[in-house]
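Below is one structure, written out as structure tokens, with a few remarks after it.
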Amino acid sequence: QVQLVESGGGLVQAGGSLRLSCAASGIIFSINAMGWYRQAPGKQRELVARITSGGHTNYADSVKGRFTISRDNAKNTVYLQMDSLKREDTAVYYCNADISISSYSPSRDYWGQGTQVTVSS
């Protein structure tokens, strides 16, 4: 089985920073894109940032210039550095990864359990 385990959430004041980490473990043949999504109360889950296996990135307009996604392929880990946090960044953040467990099986999406990020004014 594949597991994604997130860490790094918490409570921070507006203008502050947090760094989220997500490590994939289990039977993994390859990891394609990895990303972070978030879901605020009463809202739909939305893409925050995504990074391909080759390092190409894309961001939601609302976080461009403030958040940075990166990955360590040797550790099967993706990071999200969040700077200049705003109250509207408050949400549960979910890690996502497109993973193949063998050379002959198609890849599929896996999700972490979510980590709460709360930004206070």
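The values are calculated or read from the model by the stated rules, or taken from the named source; none is laboratory data. Because the structure is predicted, anything quoted here is derived from the model rather than measured. Neighbour counts run over all protein chains shown; Cβ positions are idealised from the backbone, glycine included. We work out accessible area using only protein heavy atoms, side chains counted, and drop any ligands, DNA or RNA first. Shrake-Rupley method; radii C 1.70, N 1.55, O 1.52, S 1.80 Å.
Pairs meeting the criteria (first residue in region 26-48 and among the small types (Gly, Ala, Ser), second residue open to solvent by less than 30 Å² (accessible area, probe 1.4 Å), beta carbons under 7 Å, at least 6 apart or on different chains) are Gly26/Val2; Ser30/Ser100; Ala33/Ile51; Gly35/Ala49; Gly35/Ile51; Gly35/Asn96; Ala40/Ala91. In region 1-88, counting only strands (runs of 3 or more DSSP E) that sit wholly within it, none holds 2 or more residues that are among the aromatic types (Phe, Trp, Tyr) and modelled with pLDDT under 95. For region 89-109, a residue qualifies if it is part of a strand (DSSP E or B) and either acidic (Asp, Glu) or without any contact (Cβ under 8 Å) to a residue 12 or more places away in the chain (or both), and the qualifying residues are Asp98, Arg108, Asp109.
As a summary of the residue check, Arg38 satisfies the conditions (1) among the basic types (Lys, Arg); (2) more than 14 Å from the chain's Cα centre (by Cα); (3) closer than 18 Å to Gly16 by Cβ except for the one numbered (2).
Report, by residue number, each residue of region 88-109 that is closer than 26 Å to Phe29 by Cα, open to solvent by 30 Å² or more (accessible area, probe 1.4 Å), touching a strand residue (DSSP E or B) at 6+ places or on another chain (Cβ under 9 Å) and hydroxyl-bearing (Ser, Thr, Tyr).
From region 88-109, those closer than 26 Å to Phe29 by Cα are 93-109; that's our starting set.
If we keep only those that are open to solvent by 30 Å² or more (accessible area, probe 1.4 Å) too, we end up with 94, 98, 101, 103-109.
Okay, now just the ones that are also touching a strand residue (DSSP E or B) at 6+ places or on another chain (Cβ under 9 Å), so 94, 98, 101, 103, 106-109.
Listed by number, the residues that qualify are Tyr94, Ser103, Ser107.
Taking region 66-104 as the range and being more than 18 Å from Tyr37 (Cβ to Cβ) and of a type in the set (A, V, I, L, M) as the test, the residues that pass are Ala74, Ile101. Per the listing Gly42, Gly54, Gly65, Gly9, the residue uniquely in contact with a strand residue (DSSP E or B) (Cβ under 8 Å, 6 or more places away or on another chain) and not basic (Lys, Arg) is Gly9. Residues in region 1-47 that are hydrophobic (A, V, I, L, M, F, W, C), open to solvent by less than 60 Å² (accessible area, probe 1.4 Å) and either over 20 Å from Asp89 (Cβ atoms) or touching a helix residue (DSSP H, G or I) at 6+ places or on another chain (Cβ under 7 Å) (or both): Val2, Leu4, Ala14, Ala23, Ala24, Ile28, Ile31, Ala33.
Of the set (1) touching a residue at least 40 places away in the same chain (Cβ under 8 Å); (2) open to solvent by 70 Å² or more (accessible area, probe 1.4 Å); (3) charged (D, E, K, R), all apply to Lys64 but (1).
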